[in-house]
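The structure appears below as structure tokens.
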């Protein structure tokens, strides 16, 4: 039976942290083993050292894609932390409506997972601007490191339970039924979102303009304090003056370590 030694765990954990920012404490050894064991079994690796060599030497990207899929938990749902969406609708959008130059809104869902967050934002924006929406550039950027969740997000297909938290009027206005209990985001909303693969640990991001709003919620729970601090500072540089950062409620920032100003729980602003 294959086992994972402390040395092998540390080797993999260091690689994962260096490349993806995900910090695996020693007590995650069993979790890592359970999530990767099937790969070793399928590919007939004798030990985790062979698997590590396979990952670092693979040129196709398949090994890393599978590794990321195995070690991340993409748990999200529509209207998660609903107070954020309410504040976005009642405070952020009115501010941007009056201040955004050239009617150009730039909003980024960083770590978008399977798309529920960014589609919710797109529907809120559509309702907020109503008939004036064609006068605005309201396309949203949604990024994630996982090809698996991005593929799900692009399809925009959700079951009855997943769309349960949404207002019934949204289901009628922004979704189509597929003949079963599944709901499909309609093209009007789908076309508002640009999905891209992006590693938040990259030294630089390929953005020419700064963002008015960045949502990065329940992503930094995987990071240690140093990585979280560095990422938030990077977000700050990519935020327009007056712009907002939304993080998860379990990810409150140390106010002495960030340039953002605290607005409300898990909401910060670049003043």
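The values are calculated or read from the model by the stated rules, or taken from the named source; none is laboratory data. All of these numbers come straight from a predicted model, not from anything done at the bench. Using ideal geometry, Cβ is built from the backbone for each residue, glycine included, and neighbour counts are taken over all protein chains shown.
Quick notes
- Residue check, residue 113 touching a residue at least 24 places away in the same chain (Cβ under 8 Å), closer than 24 Å to residue 19 by Cα, touching a helix residue (DSSP H, G or I) at 6+ places or on another chain (Cβ under 7 Å) and outside any helix (DSSP H, G or I): yes
- Among the residues of the range 182-206, the ones that are in a loop (DSSP other than H, G, I, E, B) and in contact with a strand residue (DSSP E or B) (Cβ under 8 Å, 6 or more places away or on another chain) come to 5 in all.
- Top-ranked residue of the range 251-271 - restricted to ones that are part of a loop (DSSP other than H, G, I, E, B) and under 13 Å from residue 217 (Cβ atoms), ranked as modelled with the lowest pLDDT: 252
- Checking residue 163 against (1) outside any loop (DSSP other than H, G, I, E, B); (2) in contact with a helix residue (DSSP H, G or I) (Cβ under 7 Å, 6 or more places away or on another chain), the condition it does not meet: (1)
- Checking residue 19 against (1) free of Cβ contacts under 8 Å to residues at least 24 places away in the same chain; (2) assigned to a helix (DSSP H, G or I); (3) surrounded by fewer than 18 Cβ atoms within 10 Å (Cβ to Cβ), the condition it does not meet: (1)
- Residues of the range 170-181 satisfying the condition of being in a helix (DSSP H, G or I) and either within 10 Å of residue 123 (Cβ to Cβ) or touching a helix residue (DSSP H, G or I) at 6+ places or on another chain (Cβ under 6 Å) (or both): 170, 173, 174
- Residue within the range 236-250 that is on the phi > 0 side of the Ramachandran plot, surrounded by fewer than 19 Cβ atoms within 10 Å (Cβ to Cβ) and either not assigned by TED's automatic domain parsing to the domain that holds residue 18 or not in a loop (DSSP other than H, G, I, E, B) (or both) present: yes
- If the condition is being outside any loop (DSSP other than H, G, I, E, B), buried (at least 17 other Cβ atoms within 10 Å of the Cβ) and in contact (Cβ under 8 Å) with a residue 60 or more places away in the chain, then the range 52-86 contributes 68, 84.
- Of all residues making up the range 94-110, the number that are assigned to a helix (DSSP H, G or I) and surrounded by 23 or more Cβ atoms within 10 Å (Cβ to Cβ): 1
- Among residues that are in a loop (DSSP other than H, G, I, E, B) and crowded, with 16+ Cβ neighbours inside 10 Å, residue 9 is not included.
- Residues that are touching a strand residue (DSSP E or B) at 6+ places or on another chain (Cβ under 6 Å) and modelled with pLDDT of 95 or more were ranked within the range 164-181; the one that is surrounded by the fewest Cβ atoms within 10 Å (Cβ to Cβ) is 176.
- Number of the condition not met by residue 227 [criteria: (1) assigned to a helix (DSSP H, G or I); (2) touching a residue at least 40 places away in the same chain (Cβ under 8 Å); (3) in contact with a helix residue (DSSP H, G or I) (Cβ under 7 Å, 6 or more places away or on another chain)]: (3)
- Residue match in the range 212-234 (condition: in contact with a strand residue (DSSP E or B) (Cβ under 6 Å, 6 or more places away or on another chain) and either exposed (fewer than 13 other Cβ atoms within 10 Å of the Cβ) or more than 16 Å from residue 121 (Cβ to Cβ) (or both)): no
- Of all residues in the range 149-170, those that are on the phi > 0 side of the Ramachandran plot and assigned by TED's automatic domain parsing to the domain that holds residue 119 have Cβ atoms under 9 Å from Cβ atoms of residues that are at pLDDT 95 or above and in a helix (DSSP H, G or I), 6 or more apart or on another chain, in 156/119; 156/189; 156/190.
- Flag for residue 34 being free of Cβ contacts under 8 Å to residues at least 12 places away in the same chain and either surrounded by 12 or more Cβ atoms within 10 Å (Cβ to Cβ) or within 15 Å of residue 4 (Cβ to Cβ) (or both): yes
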